[in-house]
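The values are calculated or read from the model by the stated rules, or taken from the named source; none is laboratory data. Owing to the predicted nature of the structure, the values given are computational and were not obtained by experimental measurement. Note that we place each Cβ from the backbone using ideal geometry, even for glycine, and neighbour counts take in every protein chain shown.
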Amino acid sequence: MKKSSFAALILGAISCIFFAMGMCMTMIPEWNAFKPGIVMGCIGLVLALITVFVWRKMEHKEPIQISGKAVGTIFLGIIGALVFGVGMCLVMVWGNLVPGIVVGVAGILLLICLVPICRGLK
């Protein structure tokens, strides 16, 4: 394993732990830790961004170019994840099985559309 991959693995794991703990702190009412959970989640997101920059620097890659395609791809990924999450909430929280499955499948299809956009068709 290369040093850059190992560094990304360690930093990514730490950022995921911070983000997951922050989300648990905000979503579990028995913990009474909503505001500290928001702070922990934000620390996890910042560490995830730092991980990307550190890995790219160690791999001697050029900075990320922001283009219309990149913004559209990110937007599609966010929308797909949100639609998928709404479908999960419909099923697990609100007990609407059939509409939740339909909305969840729509979210999955949106996320699958990312593969040909990012990789292209050959």
* Please tell me if Val39 is at pLDDT 90 or above, of a type in the set (A, V, I, L, M, F, W, C) and outside the structural domain of Leu114 (by TED's automatic domain parsing). => yes
* Could you tell me whether Phe34 is outside the structural domain of Ala7 (by TED's automatic domain parsing) and more than 25 Å from Ile10 (Cα to Cα)? => no
* **Matching residues in segment 53-80 - criterion: being of a type in the set (A, V, I, L, M) and surrounded by 14 or more Cβ atoms within 10 Å (Cβ to Cβ)** => Val54, Met58, Leu76
* Residues in segment 88-106: is at least one under 23 Å from Val71 (Cα atoms), under 19 Å from the mean Cα position of the chain (by Cα) and at pLDDT 90 or above? -> yes
* Restricting the search to segment 11-32, which residues are surrounded by 15 or more Cβ atoms within 10 Å (Cβ to Cβ) and closer than 16 Å to Leu49 by Cα? -> Leu11, Gly12, Ile14, Ser15, Phe18, Phe19
